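In what follows, a single structure is set out as structure tokens and then discussed.
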Amino acid sequence: MTAEKPSSLSTKKKIGFIVNPVAGMGGAVGLKGTDGKTILQKARSLGAKPVASARAEVFLSELKLAQDKICLLVGAGAMGEEEARNCGLPCTVIGQRKDETTADDTRRIAEEMAEAKTDLLVFCGGDGTGRNILEAVGTRVPSLGVPTGVKMHSAVFAVDPKAAAQIALRFLFGELPLREAEVMDVDEEAFRVGRVSAELYGYLLAPYEPYLIQEAKMASPLSESDLRNQAAIAIYIIESMKPDVFYIVGPGTTTRTIGDLLDTKKTLLGVDLFLNKTLIARDVNEEQILDAIRGKKAVIIVTPIGGQGFIFGRGNQQISPKVIREVGLDNIIVVATEAKLRSLRSLHVDTGAPELNNAFRERKLRVVADYKTEYLVHVE
């Protein structure tokens, strides 16, 4: 990997690029994060595969048309260098190559990039990586997240890797403003037992484009009217359930109400399997879902994330592209109260498979918003 000549750097915009190689590995195997060595080892023991590198390369590939106008600084080895090499992008390497990387490596590399007067610091990871960047640079350097983690509650992330590249280039060449963006994170231990304990850690300066940057995740307020609405949706879904069809039910309070009315304990933050109106498996991972439904009829039921509108790719990565393709896009039902629908600008998907994302955007999805009340809604 060759560095750019110093004389050419002053005329180019400087992008710092850091990849957290293990971000997102816990998603498909149902671990809801990969913070810490113990949980990372468990993810690997369950067959988890890295996902950050491929998403990083999607971002970098989008920069190639502007490569003569930018100077790329990357973390060593799997923290950005390898991805840049795979995309054929020249770069300057920061840090030392390591077989196992840690949060300290992310912080050190970010600090060096800040000292190098980087115009924009881009990181691939989740909320934990966002916290590392916050600790290292604060608001000294504009920062942008490429979503590759399991938990992405923060408002510093683009809606997907391609959108992140568009934002980066438009910001660097003067088209987008900066704003203070919330860096949120949840307690993973509490999250795994079904309790959301989210905390605001601070703010990063991030480029802002309202349709390409996600909002911070917000808990949906539950008034008495909302609770009645959730119950009406659940009753309608239960009445519509067909015999011998597997129902893959994602996380959320609206979906949990389906379990409540079937007199069973559905997980709040996990993905559960129902058959013949009976809960047959709780908190399943991608492999367990595929083993159960392969060659059989199945339906996916999901609810959008409050404040963000994501139906796939945020907190429900167990419902992976493989699962979605096995079920079929025609067999997906979105459930959302009328109040939640009104609060959302649009629905989003970020499955990790660009062609699948495009397939969603070429159609409308069925959204159940009340008893016998359905809408067909575009996905953006």
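Calculate, in nm to one decimal, what residue 370 and residue 135 gain on full extension: separation in residues at 0.36 nm each, minus their alpha carbon distance.
Full-extension gain reported as 80.2 nm.
Residue 361 versus residue 68, label points 7 Å from Cα toward the beta carbon: distance in nm?
Inter-label distance under the simple model: 2.7 nm.
Counting only Cα atoms, I'd like the Rg/Rh figure for segment 79-187, Kirkwood definition for Rh.
Radius of gyration relative to Kirkwood radius: 0.93.
Roughly how many Å is it from the Cα centre of segment 263-283 to that of segment 98-155, as a whole number?
Measuring centre to centre over Cα atoms gives 36 Å.
What order do you get for 370-376, 297-303 when each peptide is scored by the mean count of other beta carbon atoms within 10 Å, highest first?
Details: 370-376: 13.0, 297-303: 22.0.
Per-residue mean Cβ counts within 10 Å order the peptides as 297-303, 370-376.
Quick one: if you stick a label point 7 Å off each Cα along the C-beta vector at residue 54 and residue 227, how many nm between them?
If labels sit at residue 54 and residue 227, their model points lie 4.3 nm apart.
Once Lys and Arg get +1 and Asp and Glu get -1 on their Cβ, which of 70, 173, 334 lies farthest toward the positive end of the dipole of the chain?
Final value for the positive-end residue is 334.
Roughly how tilted is helix 224-240, in degrees to the nearest 10 and between 0 and 90, from the longest Cα axis of the chain?
Between the helix axis and the principal axis of the chain, the angle is about 70 degrees.
For residue 308, what residues show an amide H to amide H distance below 5 Å, using hydrogens built from the backbone and excluding near sequence neighbours?
Excluding prolines and chain starts, which carry no amide H, the hits are 218.
What order do you get for 240-247, 333-340 when each peptide is scored by the mean count of other beta carbon atoms within 10 Å, highest first?
Numbers: 240-247: 14.0, 333-340: 22.0.
The most tightly packed comes first, giving 333-340, 240-247.
Do you know the relative contact order of the chain, to the nearest whole percent, from alpha carbon pairs under 8 angstrom that are 6+ apart?
14
I need the Kirkwood Rh of segment 224-378: take the reciprocal of the average 1/r across all distinct C-alpha pairs and report it in angstrom. Numbers along the way, then the final one.
On the way: mean 1/r = 0.0652 Å⁻¹.
In segment 224-378 this quantity evaluates to 15.3 Å.
Starting from the Cα-Cα distance between residue 265 and residue 241, subtract it from 0.36 nm times their residue separation and give me the gain in nm to one decimal.
6.9 nm
Given bins 5 angstrom wide, list per bin the percent of all Cα-Cα distances in segment 269-325, short to long.
Bin by bin from 0 Å, the calculated values are 4, 17, 31, 25, 15, 6, 2, 0.
For the chain, what is the charge dipole size about the Cα centre, in debye to the nearest 20, if Lys and Arg each add +1 at the Cβ and Asp and Glu each add -1 at the Cβ?
Approximately 520 debye in magnitude.
From the helices alone, meaning DSSP H stretches of at least four residues, give me the mean residue ellipticity at 222 nm for the chain, per-run term -39500 (n - 2.57), in deg cm²/dmol to the nearest 500. Intermediate results must be reported in sequence, preceding the final value.
Numbers: 14 runs with 127 residues, N = 380.
That calculation yields -9500 deg cm²/dmol at 222 nm.
Over the chain, with a Gaussian network built from C-alpha contacts below 10 Å, which listed residue (95, 145, 125) shows the highest mean-square fluctuation?
It is 95.
Identify which of 100, 326, 199 has the largest mean-square fluctuation in a Gaussian network model of the chain, with springs joining Cα atoms closer than 10 Å.
Fluctuation is largest for 100.
Nearest 20 debye, what's the magnitude of the dipole of segment 224-378 about its Cα centre given +1 on Lys and Arg Cβ and -1 on Asp and Glu Cβ?
200
So what's Rg/Rh here for the chain, counting alpha carbon atoms and using the Kirkwood radius for Rh?
Using only Cα positions, Rg/Rh for the chain is 0.99.
Give me the one-decimal nm value for the distance between modelled label points at residue 297 and residue 342, 7 Å along each residue's Cα-to-Cβ direction.
For the pair residue 297/residue 342, the computed spacing is 3.7 nm.
Since every read-out is calculated from the coordinates, none of them should be taken as a lab result. Values in this document were obtained by computation on a predicted structure and should not be read as measured data. Using ideal geometry, Cβ is built from the backbone for each residue, glycine included, and neighbour counts are taken over all protein chains shown.
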